[in-house]
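Bear in mind that the values in this text are calculations on the coordinates, not laboratory data. Bear in mind the structure is a predicted one, so any value in this text is a computation, not a measurement. No Cβ is skipped: glycine too gets one built from the backbone with ideal geometry, and neighbour counts run over all protein chains shown.
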Amino acid sequence: MAPGIFNSSYYDKDFRAGAALLRARRPYLVKNALTGLGLCMFTIGVYAFTIRAVGQEDFSDVKVPDQPVERKPGQQR
């Protein structure tokens, strides 16, 4: 990393979050956790809905071709 990136009062010499950074993040902790939980639940819901919707498909409208006709070598179509 470039020198000077962590020249901040928010990080100590071992690049760990200092007390000031923890204090600055505290008001947003619950909001961020709820937002993250909401995003995870939305993602899981979309995934579950998609799997359920695809699982209900019976593919009855798809035409399955008959057994292919074997042709002798040199025979044209």
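Quick look at the numbers
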{"read-out": "The chain, helix-only ellipticity at 222 nm - DSSP H runs n ≥ 4, -39,500 (n - 2.57), divided by all residues, nearest 500", "value": "-15000 deg cm²/dmol"}
{"read-out": "Highest-fluctuation residue, K13, K63, K31 considered, GNM on the chain with Cα pairs under 10 Å", "value": "K63"}
{"read-out": "Virtual spin-label span in nm between I51 and Y11, 7 Å along Cα→Cβ", "value": "3.9"}
{"read-out": "Virtual spin-label span in nm between T35 and Q75, 7 Å along Cα→Cβ", "value": "6.8"}
{"read-out": "All lysines inside 28 Å of K63 as judged from Cα atoms, apart from same-chain residues fewer than 8 positions distant", "value": "K72"}
{"read-out": "Answer label, with P(r) over Cα pairs in 5 Å bins from 0, in percent calculated from the coordinates and candidates [x] 3, 15, 23, 20, 14, 10, 6, 4, 3, 1, 0; [y] 3, 10, 8, 8, 8, 8, 7, 7, 6, 6, 5, 5, 5, 5, 5, 4, 1; [z] 3, 16, 26, 26, 17, 7, 4, 0", "value": "[y]"}
{"read-out": "Helix axis angle, 29-55 relative to the chain longest principal axis, alpha carbon, degrees", "value": "10"}
{"read-out": "Under-5 Å amide H pairs with Y11, H placed in peptide plane, nonlocal only", "value": "G18"}
